[in-house]
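A short reminder: the numbers here are calculations on the coordinates, not readings from a lab. No experiment lies behind these values; they were computed from the predicted model shown. Note that each Cβ is placed from the backbone with ideal geometry, even for glycine, and that neighbours are counted across all protein chains shown.
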Amino acid sequence: MKALMRLAIGSDHAGFELKQLLLPYLESLGHQVLDVGAHTEQPNDDYPDFAEALGTALNQRQADRGILVCGSGVGVSVAANKMPGIRAAVCHDTYSAHQGVEHDDMNVLVVGSRIVAIELVKELVRHFLAANFSGEERHLRRLGKVRAIEARYFKGSA
C-alpha cells in the first residue's frame with residue numbers, strides 16, 4: 001500500500017463543487033489535506049490565485065503533492081507550471097495520471113470539473129497517489145533537462 005501523503009488541493013469557482021467532494025474522499029484514504037482555496041464559491045475569483053497558493057504550499061514543503069481543479073483543467077495547469085519546481089498536468093485518463101508521476105515526476109494532478117465526473121476523478125486520484133517516480137536513467141536524464149530549462153528562466157529554482 002502507498003504511504004500516506006500530505007496533499008494540497010485547490011480550485012477556482014468552476015472546480016469548487018468537485019473539490020468539496022474530493023476533500024472527504026482524500027481524508028477517508030487517510031491523507032492529510034491542505035485546502036488552499038477557494039473556500040467559498042465566488043464566480044469572480046481567478047484560477048491563477050489558487051494555482052499559486054498550491055504551488056507555494058508544495059515549494060514550502062507543506063505538501064508532498066497537489067491536486068488542482070478548474071472548469072477544463074487547462075487554466076490552473078498553465079498557471080501552476082509557471083512556478084519553479086511544479087510539474088502539473090491535466091489528466092482525464094488513469095494512464096496519464098500514473099505515467100506522469102512514473103516518467104515525469106509530476107507533482108500536481110489537474111482535472112477539469114466540466115470534463116470528468118467524480119467517480120472518474122477518484123480513480124485518477126488513486127492512480128496519481130499510488131504512482132512513484134521510476135528513477136530510471138532515461139527519466140532522470142529527461143527530468144534533469146526540464147530542471148535545466150527551469151533554471152535558465154528562474155533564479156534559485158527547485
(Q) Let's test the formula: R0 of 30 Å, r as the Cβ-Cβ distance of PHE133 and SER28. What FRET efficiency results, to the nearest 0.05? (A) 0.70
Q) Using the 10 angstrom Cβ neighbour count as an exposure proxy, how do SER134, SER96 rank, fewest first? A) SER134, SER96
Q. Ranked from highest to lowest mean number of other Cβ atoms within 10 Å per residue, what is the order of the peptides 53-63, 71-81, 22-32?
A. 71-81, 53-63, 22-32
Q: Could I have the simple spin-label model distance between HIS39 and THR94, label points 7 Å from Cα toward Cβ, reported in nm to one decimal?
A: 3.6
Q. Roughly what would the spin-label model give for ASP64 and GLU102, points 7 Å off Cα along C-beta, in nm?
A. 1.9
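Rounded if a/c is under 1.5, else prolate if a/b beats b/c, else oblate: with a ≥ b ≥ c from the C-alpha gyration tensor eigenvalues square-rooted, which is region 66-140?
oblate
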Q. Taking Cα pairs under 8 Å and at least six residues apart, what relative contact order does the chain come out at, in percent?
A. 23
Q | Computed [θ] at 222 nm, helices only, for the chain once each DSSP H run of length n ≥ 4 contributes -39500 (n - 2.57) | A | -14500 deg cm²/dmol
Q | Per-peptide average of other Cβ atoms within 10 Å, ordering 84-95, 40-51, 138-149, 105-116 highest first | A | 105-116, 84-95, 40-51, 138-149
